[in-house]
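Have a look at the structure below, then the notes.
The values are calculated or read from the model by the stated rules, or taken from the named source; none is laboratory data. Remember, it's a predicted structure, so these values are computed and weren't measured experimentally. Cβ placement follows ideal geometry from the backbone for every residue including glycine, while neighbour counts extend to all protein chains displayed. To get the accessible areas, we keep the full protein, side chains included, count just its heavy atoms, and leave off ligands, DNA and RNA. Shrake-Rupley method; radii C 1.70, N 1.55, O 1.52, S 1.80 Å.
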Amino acid sequence: LGDVARAAGVSVGTASDALSGRGRMADATRASVRDAAQRLGYRANALARGLRTGRTHAIGLHLLHHADYFDTEYFREFVVGVMEVAVRYDYDLNLLSSNPERKRVAAPQVDGIIIPDPIASDARAIELLRSGIPVIAGERLPPEMPPAPVIGIDHESALVELLDHAYAAGARRPVLFAAAEQSGWGVVLRDAFARWC
């Protein structure tokens, strides 16, 4: 940043403000600083910028520690989708350490956290939900977990539509195989199935 400031003939503070879009200055000064930065191949130091702004430009993705999650198409596609959006907004994606049986030593250094499939027995997910870091879940949260916004599938409507179709085709004794009761969407499916029956 000092090299950029010298090349543009301004102070380090002015160069910083010009590159971050802050501060009041002439458009010509801002353009001069940006030209110098481009010529010199300047890139901001993310750690230094984070200390000043309190932002990391990183999103944390919390998955349970089971490596076999990546064997499922759903989780692979989920991770790829998150990566595509993160790249679009110049964010890094961090896979968070996730042993569900032990507490973390320190909070993750991220601006937000995504928990694709919250499970009631996952102590780390509960910790993250209580951390004060913004969290969004990719499925319904089990009733005993702290609340968070959810972007999920309408499992109930899909199941009822499937059951109605099976009934119309002559099925009279359906059986439900669903996720364990520790899963929020498993609870939704079980409740919907019981009401439908």
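Say we join alpha carbon atoms closer than 10 Å with springs in a Gaussian network model of the chain; which of ASP117, ASP154, ASP17 then has the biggest fluctuation? Comparing ASP117, ASP154, ASP17 in the GNM, the peak value goes to ASP17.
For the chain, the longest principal axis of the alpha carbon atoms and the long axis of helix 155-168 meet at an angle near 30°.
Relative to the dominant Cα principal axis of the chain, helix 184-196 is inclined by about 30°. Rolling a 1.4 angstrom probe over the chain with all protein chains present gives an accessible area of which 54% lies on carbon and sulfur atoms. Of interest is the spacing of the C-alpha centroids, which for the range 93-163 and the range 10-28 amounts to 40 Å. In the elastic network of the chain, a GNM with C-alpha springs shorter than 10 Å, the most mobile of ALA178, ALA58, ALA15 is ALA15. If you wrap the tightest convex hull around every Cα atom of the chain and split its volume per residue, you get 174 Å³. With a simple spin-label model that places each label point 7 Å from the Cα along the Cα-to-Cβ direction, the separation between GLN38 and ALA169 comes to 6.0 nm. Each of ALA31 and ASP3 was given a label point 7 Å from its Cα along the Cα-to-Cβ line. The distance between the two points is 2.5 nm.
Summary value for the chain: 14 percent relative contact order, contacts being C-alpha pairs under 8 angstrom separated by 6+ residues. Size descriptors for the range 67-157, from the alpha-carbon set: Rg then Dmax equal 13.4, 41 Å. Against the chain, whose longest principal axis comes from its Cα atoms, helix 27-40 is set at around 80 degrees. Among residues other than LEU176 whose Cβ falls under 15 Å from its Cβ, what is the net charge (Lys/Arg +1, Asp/Glu -1)? Counting the neighbours of LEU176, the net charge comes to -1. Packing-based ranking of 84-90, 181-187, 135-141 yields 135-141, 181-187, 84-90, ordered from highest to lowest mean Cβ neighbour count within 10 Å.
Simple spin-label estimate for ALA106 and VAL12 gives 2.4 nm between the two label positions (7 Å along the Cα-to-Cβ direction from each Cα).
Rolling a 1.4 Å probe over the heavy atoms of the protein chains gives the range 57-170 an accessible area of 60 Å² per residue.
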